[in-house]
1. Based on the alpha-carbon gyration tensor of segment A:1-103 and its eigenvalue square roots a ≥ b ≥ c, which shape applies: rounded if a/c is under 1.5, prolate if not and a/b is larger than b/c, or oblate?
2. Please compute, for the alpha-carbon atoms of segment A:39-88, the extent along each of the three principal axes and give them in descending order in Å.
3. Using a Förster distance of 51 angstrom, determine the FRET efficiency expected from the C-beta separation of A:Leu157 and B:Ala286, and round it to 0.05.
4. If you average the alpha carbon positions of segment B:317-384 and of segment B:105-139, how far apart do those two centres end up, in angstrom?
5. Could you pull out every residue, at least 5 positions away or on a different chain, whose amide H is within less than 5 Å of the one on B:Gly96? Hs are placed 1.01 Å off N in the peptide plane, and Pro or chain starts have none.
6. Considering only the other residues whose Cβ falls under 14 Å of the Cβ of A:Ser96, what net charge follows from Lys and Arg at +1 and Asp and Glu at -1?
7. With a bin width of 20 angstrom, please list the P(r) values of the protein assembly as shown as percents of all Cα-Cα pairs, from the 0 bin to the one holding the largest distance.
8. What is the ratio of the Cα radius of gyration of segment B:174-383 to 2.2 N^0.38 Å, with N the residue count, to two decimals?
Amino acid sequence: MDTFRDKLIPVTSILAGVVVLWYVFAVILNTPFQRDLDRRANETSTFSELIGKTLSQPKPTLPAPHQVAVNFFENTFLRPITSNRSLVYNAWVTLSSTLLGFAFGTALGIIIAVGIVHVATLDRSLMPWIIASQTIPILAVAPMIIVVLGAIGISGLIPKAMISTYLSFFPVTVGMVKGLRSPEIMHLDLMHTYNASRAQTFWKLRVPASVPFLFTSMKVAVAASLVGAIVGELPTGAVAGIGAKLLAGAYYSQSIDIWSALVAGSVVAALLVMVVGIAGRLVDRAMGGRPA
Amino acid sequence: MNRLKPSWQAVLAITLCLIAVALGPIAAPKVDALAQPSGTLIYPYVATNWLIFGVLLLVALITMARIPSVVEAVVLFIGAHLVAWLLIGGIAGFEGLARAPYFLLLTGAWLLGWRCVAVLSSLRPFAKWARTALRLIIPAIFGAWILIIWEAVTRGAGIPFILLPPPSAIGARIAGSLPVLGADIRQTIFKAVIFGYVVGSGAGFITAVLADRVPFLRRGLLPIGNMVSALPIIGVAPIMVMWFGFDWQSKAAVVIIMTFFPMLVNTVAGLAASGHMERDLMRTYASGYWPTLLKLRLPAAAPFIFNALKINSTLALIGAIVAEFFGTPVVGMGFRISTEVGRMNIDMVWAEIAVAALAGSVFYGVVALVERAVTFWHPSVRGG
């Protein structure tokens, strides 16, 4: 009941406000072009007719929410999944490289974090570069990686997945280093009094302690991974995927298509973050975590 | 036995060096030259062949002796880089003709470099300046070795220029096309990024203060803001280009949208960071909303706000560069990257990426310095 009053009502009312504003702006932004059309057709429309027309242009400056919803619905549910106009198909193309890159990135991030925690040399020499690399606009490298790998004959899924890997391993590394170091001195001393070996301390103390950190950073990483996959589809003239859909929409001014591709990307992002969150909660419960 | 302290890096380096000696010439032309003694084939490493082996072995042996760590580090530093320098210098003119010993020697030198970093990170100097210097030198050596290996491998193995140019070529390209790079930076960073960053962060900040004043707004905006941070906002770039045209205004719009939500979420979290005790103290002083906000809650929120500013400094650059993939005037970093990739001028692309990386680091560094100056009272600044 409390979540209903404290969260649901404010969130839905603000979302409703956004939708109303969206309609208002759709009318305002589309009006100049509509007036232009009317003048050429020698029509004079009344105010209400004008509003109706601005909300149903084929290539509006800002499509109205219902136009986007209709387009999204058509392209998601009414088209055969194999059609290259189907959003499900395009989302799957993007999702597959996202997941592959995310898996690689998470594995790489964990390995680097384990190395950093256990080897002092790596900690002092590699860690500053990992932090510094977050200040670099990595996405600028995206076209580079795709062209380079394309030149040696690797194309399709792998180059996009590599960009996703690159984007997603930073959060995992930073989170896991924090997580593996999170056991307190007291706990480490306890393991010491048990005469635990380094491996035992690692598996029985450090790894369980790091799990919450892992899932928190995986949520960030999976979102970054999706952005990487979408941007990876931009400069290559990729034929399928959400990024390709955005680019095609931009070339042919199909604004409704752009918006519905954006909605599809957002749905995929929300689903991915949700799945990681649920997996985190399940693992937490399986490990005997109590609700805090 | 007491006088020796073998490290695995040194032992492995010596082993690799001996294997390299056994395998014969470092580069392929020498094999041909030896095959026909009467010919006058030119081959690399005429003078330096034994010097390389000698330096590598000598340095590896020296490090096994019990000498002060500082001396050991200096010897390793000079030796490892001398070997790398000789190897890379010798291969000039014979790119792509290196044989296995070349790579074995390179690995040996790299192991010595690793040993050098290991020795340096085991040092625990008392003086503060020495600790600071170490904190800078260790990652610097690591970074230098990435460049050295990159240079040595691309040139030794003769990797095609189009795939991966060596760093020296990228450096030459940067030096040779400064005006172009400067124009790109002016277009992308000084016009789009700075404007978008300031407006986006400012708008996020003001909205956050407003949301803090109106609890209903906060409860509604915060979950939405958290949600949005996971979305691929970068996708609005084509829409912004459609609305605001090809020039920098559309890129600034993308940057504004991208920087707004991190600032909003972080500032709202920061405004809740001041403790009850402090807020009660302000109440006993009979201070109203505004004095409490200005004197207690905003300073307490400063670490969160600067965190958002740091996140935004990277996001802003990414947003502007990616938005340029969708159409720009014929200048700008994103434009340059996408067109030069198409023209296969890969060294220019790398030059642009290097400049973008440098600009990103400088941007981040400036924000971090301002943070240190403003939040001097925070434990994370005082302690370090």
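1. Numbers: a/c = 3.00, a/b = 1.34, b/c = 2.24.
Here segment A:1-103 falls in the oblate category.
2. Reported extents, whole Å, longest axis first: 44, 20, 16.
3. Details: r = 65 Å, r/R0 = 1.28.
Calculated value: 0.20.
4. A separation of 29 Å, based on Cα centres.
5. B:Gly156, B:Ala157, B:Gly158
6. Values: positive: A:Lys160; negative: A:Glu233.
Neighbourhood net charge equals 0.
7. It works out to 15, 44, 31, 9, 1, 0, in whole percents.
8. The value comes to 1.18.
Values in this text are rule-based calculations from the coordinates and carry no lab data. Not measured: the values here are computed from a predicted model. Here Cβ is always computed from backbone atoms with ideal geometry, including for glycine, and neighbour counts include all displayed protein chains.
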